[in-house]
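Below: one structure, written as structure tokens.
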Amino acid sequence: MTGFAGKSVLVLGGSRGIGAAIVRRFAADGATVTFSYAGSREAAERIAAETGATAVMADSADRDAMVARVRDSGPLDVLVVNAGVAMMGDPGELDADEVDRMIRINVNAPYHAAVEAARRMPEGGRIIIIGSNARDRTGFPGLAAYYMTKAAVQGMVRGLARDFGSRGITVNAVQPGPVDTDMNPADGPLKDMLHGMMVIRRHGRPEEIAGMVAWLAGPEAGFVTGAMHTIDGGLNA
Ligand code: NDP
């Protein structure tokens with residue numbers, strides 16, 4: 001497949017899980033792909049060797065380092081902000097510094113990355129941020145801070161879509177439900193509860209999320225912007 005031949009794609013957080021599937025998908029479709037990682041160097045090197053993509057170390061919690069990576073990637077046709085972390089627990093017990101770090105990764109980073117990428121993005125550019133279906137329905141306790149970060153993604157996507165629309169740049173969120181990754185393994189302790197809330201009673205596959213991202217990045221989605229695209233096996237139905 002060569003649907004993205006000649007296109008330059010940056011995926012923030014591409015070493016594992018959904019991000020790795022997005023890297024694989026764009027690389028298979030002919031794009032020139034760069035992706036960032038923070039802690040998983042070996043995994044990143046494996047994905048790079050497998051796909052021909054370029055792996056760069058950049059911690060999304062470090063705004064200056066992350067923005068520099070976006071800038072150094074040159075004019076981008078597509079920016080995908082996938083890097084994210086999730087914390088679960090009693091809000092009174094969670095480490096406040098870790099909560100703030102999650103906010104830097106899940107909220108501050110996508111905003112600043114999108115703004116930086118848009119500076120040099122050509123007409124037809126695409127910005128896609130991975131949110132969460134948990135934004136639309138707080139199914140169970142212990143995730144207030146995480147939900148908060150993914151709610152913020154909705155606000156920035158709507159606002160930035162209006163800010164960049166006149167330049168032909170679209171901004172969208174993809175909101176997965178349970179997807180089988182290190183963050184939320186299909187055989188993890190939440191499996192039965194999650195599947196019990198779903199119409200399609202299984203975890204999603206990272207490739208299924210990558211497929212939606214690729215569609216949003218492609219020519220058929222030129223009229224789609226400022227929108228939330230939930231892909232969750234009907235959990236929120
Ligand atoms: P994983 O934990 O499996 O992978 C997370 C990816 O993000 C890794 O590549 C990791 O890289 C990268 N990342 C994390 N922190 C940083 C950082 N500080 N700087 C740069 N990269 C970072 O998670 P998933 O693949 O499951 O999740 C991907 C996205 O999808 C997240 O935004 C998550 O919130 C969202 N999501 C996931 C759901 C699920 O059920 N899996 C459901 C709803 C939303 P490294 O290891 O190198 O640091």
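A count restricted to the stretch 139-178 and to residues that are away from the ligand (no atom under 13 Å from the Cβ) and either more than 13 Å from residue 226 (Cα to Cα) or of a type in the set (Gly, Ala, Ser) (or both) stands at 11. For the stretch 57-80, filtering for residues that are assigned to a strand (DSSP E or B), more than 10 Å from the ligand (Cβ to nearest atom) and more than 13 Å from residue 27 (Cβ to Cβ) leaves 1.
Could you list all residues from the stretch 164-189 that are of a type outside the set (Asp, Glu) and assigned to a loop (DSSP other than H, G, I, E, B)?
Pass one, the stretch 164-189, residues of a type outside the set (Asp, Glu): 164-179, 181, 183-186, 188-189.
168, 169, 177, 178, 181, 183, 184, 185, 186, 188, 189 - these are the residues of the stretch 164-189 that are of a type outside the set (Asp, Glu) and assigned to a loop (DSSP other than H, G, I, E, B).
Looking at the structure I just gave you, is residue 130 closer than 19 Å to residue 214 by Cβ, in contact with a Phe, Trp or Tyr (Cβ under 8 Å, 6 or more places away or on another chain) and modelled with pLDDT of 95 or more?
Numbers: closer than 19 Å to residue 214 by Cβ: yes; in contact with a Phe, Trp or Tyr (Cβ under 8 Å, 6 or more places away or on another chain): no; modelled with pLDDT of 95 or more: yes.
No, not satisfied.
Can you name the residue in the stretch 29-56 that is near the ligand (Cβ under 10 Å from one of its atoms) and in a loop (DSSP other than H, G, I, E, B) and, of all such residues, is farthest from residue 6 (Cα to Cα)? If we take residues in the stretch 29-56 being near the ligand (Cβ under 10 Å from one of its atoms) and in a loop (DSSP other than H, G, I, E, B), then 39 is farthest from residue 6 (Cα to Cα). Applying the criterion of being more than 8 Å from the ligand (Cβ to nearest atom) and basic (Lys, Arg) to the residues of the stretch 9-28, the residue that is nearest to residue 62 (Cα to Cα) is 24.
Within the stretch 134-141, is there a residue that is of a type in the set (Phe, Trp, Tyr) and at pLDDT 95 or above? No, the conditions are met nowhere in the stretch 134-141.
If a residue has to be among the hydrophobic types (A, V, I, L, M, F, W, C) and in a loop (DSSP other than H, G, I, E, B) to count, how many in the stretch 81-107 make the cut? Show your work before the answer.
Initial filter on the stretch 81-107 (among the hydrophobic types (A, V, I, L, M, F, W, C)): 81, 83, 85-88, 94, 96, 99, 102-103, 105, 107.
Subsequent filtering for residues that are in a loop (DSSP other than H, G, I, E, B) retains 83, 85-88, 94.
Result for the stretch 81-107: 6.
For the stretch 190-237, residues that are in contact with a Ser or Thr (Cβ under 9 Å, 6 or more places away or on another chain), surrounded by fewer than 13 Cβ atoms within 10 Å (Cβ to Cβ) and not hydrophobic (A, V, I, L, M, F, W, C) total 1.
The values are calculated or read from the model by the stated rules, or taken from the named source; none is laboratory data. Note that the structure is predicted; figures quoted are calculated from it, not measured. For neighbour counting, all protein chains shown are included, and Cβ atoms are generated from backbone atoms with ideal geometry for every residue, glycine included.
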